[in-house]
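K.L.:
Got a structure for you, questions after.
The values are calculated or read from the model by the stated rules, or taken from the named source; none is laboratory data. Since this is a predicted model, take the numbers as computed values, not measurements. Cβ: placed from backbone, ideal geometry, glycine included. Neighbour counts: every protein chain shown.
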């Protein structure tokens, strides 16, 4: 499989309806690197470099919330050298990009566990979140050490710890205990790299999301590739389980 690299960002979205919340499973970094005769680490580096470009693209198109699947609870099982490379790269990227995102009005929100992160990465994430907390532009959710099932289990545990009465429990109450408690449900879920798996990502929040799979590998997913996803989104008729 080859990846389409010819794409240029637009400053205006041509789609009729802009999804309020877009979530992306960023897949294909390794395959992008192998196809170019590079080490997998170079693919992850290219993938992280694409984040700034993509954030700008989505903000320019009017998206209010963008959540990126950066590192899953299952990714710890990858080769140790690859995991360490991803973690070290994440530290460098957050330290380098947070200030510019802040200046552009982006609010950074971390979704996932923090107890297994290195002290350096944890500090960088916490500082980025704190620095951008008051911003009113696009909200960038970074799902790092995140798993959908783990999030649901954690929410249930917190409800028990806070002695929430069974009579109080409904979908709205439960959602208040999720990482995304102050974010709307996902309208459009995108997976790059050509696969169709959800991969344990935002299981609760994507109950009625439209799903779009792009053949393009993540480092090359920007500009016109985003417009193609929006075009597909606008061709869908969202029923939310109702007959319309």
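K.L.:
For residues that are under 14 Å from residue 104 (Cβ atoms) and either touching a strand residue (DSSP E or B) at 6+ places or on another chain (Cβ under 6 Å) or buried (at least 21 other Cβ atoms within 10 Å of the Cβ) (or both), tally how many sit in region 47-62. Give the steps one after another, and end with the answer.
P.N.:
At the first step, the residues of region 47-62 found to be under 14 Å from residue 104 (Cβ atoms) are 51-60.
If we keep only those that are either touching a strand residue (DSSP E or B) at 6+ places or on another chain (Cβ under 6 Å) or buried (at least 21 other Cβ atoms within 10 Å of the Cβ) (or both) as well, we get 51, 54-55, 57-58.
Going through region 47-62 one residue at a time, the tally reaches 5.
K.L.:
Restricting to region 202-229, count the residues that are in contact (Cβ under 8 Å) with a residue 24 or more places away in the chain and more than 19 Å from residue 44 (Cα to Cα).
P.N.:
The qualifying residues number 15.
K.L.:
A follow-up question, please. Could you list, in sequence order, the residues of region 221-241 that are in a helix (DSSP H, G or I) and within 16 Å of the chain's Cα centre (by Cα)? It would help to see each step written out before you state the result.
P.N.:
Taking region 221-241 as the starting set, the residues that turn out to be in a helix (DSSP H, G or I) are 224-235.
Scanning region 221-241 gives 226, 229.
K.L.:
Does residue 19 meet the test of being at pLDDT 95 or above, closer than 30 Å to residue 208 by Cβ and part of a loop (DSSP other than H, G, I, E, B)?
P.N.:
Yes, satisfied.
K.L.:
I've got another one for you. Quick one: which of 38, 14 is at pLDDT 95 or above and either farther than 24 Å from residue 100 by Cβ or in a loop (DSSP other than H, G, I, E, B) (or both)?
P.N.:
None of the other options fit; the residue is 38.
K.L.:
Which one is surrounded by the fewest Cβ atoms within 10 Å (Cβ to Cβ), of the residues in region 63-86 that are part of a loop (DSSP other than H, G, I, E, B) and over 18 Å from the mean Cα position of the chain (by Cα)?
P.N.:
Our first condition is that a residue be part of a loop (DSSP other than H, G, I, E, B); within region 63-86, this holds for 63-64, 73-74, 78-79.
Of the ones still in play, those that are also over 18 Å from the mean Cα position of the chain (by Cα) are 78-79.
On the way: 78: 16, 79: 9.
Here the answer is 79.
K.L.:
Pick out the one residue from 164, 186 that is over 26 Å from residue 106 (Cβ atoms) and part of a loop (DSSP other than H, G, I, E, B).
P.N.:
164
K.L.:
Please verify whether region 102-118 includes one or more residues that are in the same structural domain as residue 221 (by TED's automatic domain parsing), part of a helix (DSSP H, G or I), touching a residue at least 12 places away in the same chain (Cβ under 8 Å) and under 16 Å from the mean Cα position of the chain (by Cα).
P.N.:
Taking every residue of region 102-118 in turn, none turns out to be in the same structural domain as residue 221 (by TED's automatic domain parsing), part of a helix (DSSP H, G or I), touching a residue at least 12 places away in the same chain (Cβ under 8 Å) and under 16 Å from the mean Cα position of the chain (by Cα).
K.L.:
Can residue 90 be described as part of a helix (DSSP H, G or I), under 15 Å from the mean Cα position of the chain (by Cα) and over 23 Å from residue 228 (Cβ atoms)?
P.N.:
Against the criterion (part of a helix (DSSP H, G or I), under 15 Å from the mean Cα position of the chain (by Cα) and over 23 Å from residue 228 (Cβ atoms)), residue 90 qualifies.
K.L.:
Among (1) touching a residue at least 24 places away in the same chain (Cβ under 8 Å); (2) more than 20 Å from residue 55 (Cβ to Cβ); (3) surrounded by 15 or more Cβ atoms within 10 Å (Cβ to Cβ), which single condition is residue 232 missing?
P.N.:
Among (1) touching a residue at least 24 places away in the same chain (Cβ under 8 Å); (2) more than 20 Å from residue 55 (Cβ to Cβ); (3) surrounded by 15 or more Cβ atoms within 10 Å (Cβ to Cβ), the lone unmet condition for residue 232 is (1).
K.L.:
In region 189-212, how many are under 16 Å from residue 111 (Cβ atoms) and assigned to a loop (DSSP other than H, G, I, E, B)?
P.N.:
Final tally of qualifying residues: 10.
K.L.:
Conditions: (1) more than 24 Å from residue 133 (Cβ to Cβ); (2) surrounded by fewer than 21 Cβ atoms within 10 Å (Cβ to Cβ); (3) touching a residue at least 40 places away in the same chain (Cβ under 8 Å). Residue 93 meets all but one. Number of the miss?
P.N.:
For residue 93, the failing item is (1).
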